[in-house]
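These notes are about the structure you will find just below.
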Amino acid sequence: MADDSLADELLGTWIVDLRPTPDSDPYLQEFTIHAIEGDRFSGTFYSTQFEDGVLNRNWGVVYLAFTTADGRTSYHHSGKLEAGNLTGSTHAPGRQMLSVWSATRAE
């Protein structure tokens, strides 16, 4: 059974580190979750409203996915919130890119 309190931990602003390699300098962007309604959520990433925010809370952690676009290509983001840590990946088919990211709660 899904645990609603797990998803509530996502609400608020996170600082996502999008560095392309582990030894690169940090490349930080804000990811804000404004609202969660059932298995849907809304918010902003890169200061732009994202689309298709969906959650899965059936596995004891929270999985999330959403999409963004920059006019050239779409970006498919997915992640996992476990024990207060948010990690994920972004796939941009039009750029043949797959990046790995982590996020910390903004202070």
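Bear in mind that the values in this text are calculations on the coordinates, not laboratory data. The shown structure was predicted, so the numbers you read here are calculated from the model rather than taken from an experiment. Here Cβ is always computed from backbone atoms with ideal geometry, including for glycine, and neighbour counts include all displayed protein chains.
With the structure loaded, tell me whether L98 is outside any helix (DSSP H, G or I) and closer than 18 Å to A35 by Cβ or whether it fails that test. First the steps, then the outcome.
On the way: outside any helix (DSSP H, G or I): yes; closer than 18 Å to A35 by Cβ: no.
In short, no.
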| task | Kindly indicate the residue of region 56-69 that is outside any strand (DSSP E or B) and touching a residue at least 12 places away in the same chain (Cβ under 8 Å) and also surrounded by the fewest Cβ atoms within 10 Å (Cβ to Cβ) among those meeting that condition. | result | G60
| task | Tell me, please, whether a residue that is out of contact with any Pro (no Cβ under 9 Å at 6 or more places or on another chain), in contact (Cβ under 8 Å) with a residue 12 or more places away in the chain, in a strand (DSSP E or B) and not aromatic (F, W, Y) can be found in region 4-12. | result | yes
| query | Quick one: what pairs do we get from region 82-99, first residue within 21 Å of W59 (Cα to Cα), second surrounded by 11 or more Cβ atoms within 10 Å (Cβ to Cβ) and of a type in the set (K, R), C-beta under 9 Å, 6+ apart or different chains? | reply | G84/R105; L86/K80; L86/R105; T87/K80; G88/K80
